[in-house]
Structures are given as C-alpha cells and as structure tokens.
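A short worksheet on the structure shown next.
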Amino acid sequence: MAELRTEQEKADAARPIGVFDSGVGGLTVVRALMERLPFEEILYFGDTARVPYGVKSVETITGYARQITEFLLGRKVKLLIIACNTMAAVARPAVAERSAVPVLDVIDAGARAAVNATRSKTIGVIGTPATINSNAYARAIHGHDREVRVYSQACPLLVPLVEEGWFDHPVTRLTVREYLKPVLAQGVDTLVLGCTHYPLLKPLLQEEAGAGIALIDSAEAMAGITADLLASSGLATPRRAAPGYRFFVTDVPYRFQTIGEQILGRTLPGVEIVRW
Ligand code: DGL
C-alpha cells in the first residue's frame, strides 16, 4: 500500500467515494463496497425520478450522466464509480472528461471477471437494451482477450420485474427462460449480469442457466477493483471509525424504501432528495 505522507494526502484519502446509478440498482455495488471497504465513506446518487435509463437514447443518458458527475464532483469525492451498466456503456467518456479524480465502472469490472472465469472462452452477457446495443461488454471483453466469443441478449422486462420485487415469481422465471434460451444455445460457460438489478435474481438465474454456468456479478468485481485502486494510489482512507453514508435521490417513488433496503441488505438511512 502506498504510504500516506502529508496531512493534505491524508485529507484527500479521507474524502468519500461517489457512486451513481439511474436508480436503486446501484445499491448492489454500495453493498459490496460496504462489505469489502468498511471504513470508506460513500456518497450514493440514484436518479430515481428519471429511471429507467436502459430504454433511453444515448444523448439523453449522456446528458444525465454529466449532470450527476458535476453533482458528485461538487461534493469532493475522491473517486467516481459508475454503478450503472447503461451509463457505463454509453457515457463513460463524458464522465471521464469532466473528472479530475479516477473513474471506475461496472462494465470493465464485469468484463475482467468474466474473462478470468471462462474456460471455454464463450461468454454470455445480459443487460438493458442500451447496454447491449452499445456493444460495450463485447469491446471490454475483447480488450482483455480477443479470442473470447461473446453472445449478448437485451432483457428489457427484467428491471420492472425486479422493481416489483418478483425475485422468485413464475412470471420472472418464464421471462428469464425465454431470454436465456438463445444465449445458452451457444454453449456459454459464463454469464455476465450486465445490469445492476440482476444480482437480485441470482438464485433464479443460476437455476435457469444451470449449475455449470458461472454467473458474474459486476458489483462484487467492482468492490475488488476499487480496493486495489485505493491501495495502489494511496487513496485508501486512514480513518478506522464507522464511516458516514449519504444517499441522494431525485424522487422517492412507490416502494423505494422497501426495494432499496432489500438491495442494500440493511436499513436505508435518511435519504436526501435532490431537485435539479
Ligand atoms: N441501472 C441500470 C443498469 O445497470 C438498469 C436500470 C435502468 O434501466 O436504468 O443498466
């Protein structure tokens, strides 16, 4: 780990990590970060008034991503994590060009983990239409290994089913079965859950995909990559006390608290509303 030398460096390292998503789904990443990095302060931004992003145009998603980036940079975060596959797929350059602090995203995290997991070099990816149409996963995977074959499937119905809390429901099972059919027919041995909502469907997805398929949860992969970056760049917090967490959202929609707490696995404390 890089040694912290000056008071300024210590103060910089004590700043929070900024994590953002189109809604509540990115809390899967926050949960993984809380478990892996228990002393790090986190600011979460969920654009709950404008979710879903996954069916919107590249221009619209990029504009939203810029706005959220400014918001978090204005709160002096030390690192930005794009915890939304859709924004990572189409708006990463727009976020990175505005940011003086490092930017990590779930697609790179998921791609790396998938390449490490596959034995047959055949990977399936499921995500929102915007993520799949962008081809960002295939590009990221090929950036690590050009020989891997990638089969992608857009699953537009899964986000609403998760938001309905139907994690193990016959309708969800049937929908998953339909979506997975063409991907499984290609003989993939690894399946990337390319949307922050999908880890909530992990048991069902594993049953439908079969025990022999490795499921890649980019939230877990993200926490590992974040820990490595903080350690190697001297940005790991010097604090050893329980950290503060702040949750900013643009609306408090129907069932927000319940879904948020299910995803986070703990009580969601005082949520702050941002009106643009
Ligand atoms: N958070 C988005 C993602 O990971 C899913 C929800 C949406 O469509 O906005 O792709």
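Within the stretch 127-151, the residues that satisfy the criterion of being in contact with a Gly (Cβ under 7 Å, 6 or more places away or on another chain) and either within 16 Å of the ligand (Cβ to nearest atom) or not hydroxyl-bearing (S, T, Y) (or both) are G127, T128, P129, A130, T131, Y137. If only residues of the stretch 109-129 that are in a helix (DSSP H, G or I) and out of contact with any strand residue (DSSP E or B) (no Cβ under 7 Å at 6 or more places or on another chain) are counted, the one that is nearest to A154 (Cα to Cα) is A111.
Scanning the stretch 53-74 for residues that are without any contact (Cβ under 8 Å) to a residue 60 or more places away in the chain and touching a Phe, Trp or Tyr at 6+ places or on another chain (Cβ under 9 Å) turns up T60, Y64, A65, I68, T69, L72. Picking from residues in the stretch 65-91 that are in contact with a Ser or Thr (Cβ under 6 Å, 6 or more places away or on another chain) and among the β-branched types (V, I, T), the one that is farthest from the ligand (Cβ to nearest atom) is V90. Against the conditions (1) small (G, A, S); (2) at pLDDT below 95; (3) under 29 Å from Q153 (Cα atoms), A214 satisfies every one except (2).
Counting just the residues of the stretch 102-123 that are of a type in the set (G, A, S) and within 16 Å of the ligand (Cβ to nearest atom), which one comes out most open to solvent (accessible area, probe 1.4 Å)?
In this case the residue turns out to be A113.
For the stretch 229-245, the count of residues that are open to solvent by less than 20 Å² (accessible area, probe 1.4 Å), within 26 Å of Y53 (Cα to Cα) and among the hydrophobic types (A, V, I, L, M, F, W, C) is zero.
The values are calculated or read from the model by the stated rules, or taken from the named source; none is laboratory data. Small disclaimer: the values here were computed from a predicted structure and weren't measured. Please note: Cβ atoms are built from the backbone with ideal geometry, for glycine as well, and neighbour counts cover all protein chains shown. We work out accessible area using only protein heavy atoms, side chains counted, and drop any ligands, DNA or RNA first. Shrake-Rupley method; radii C 1.70, N 1.55, O 1.52, S 1.80 Å.
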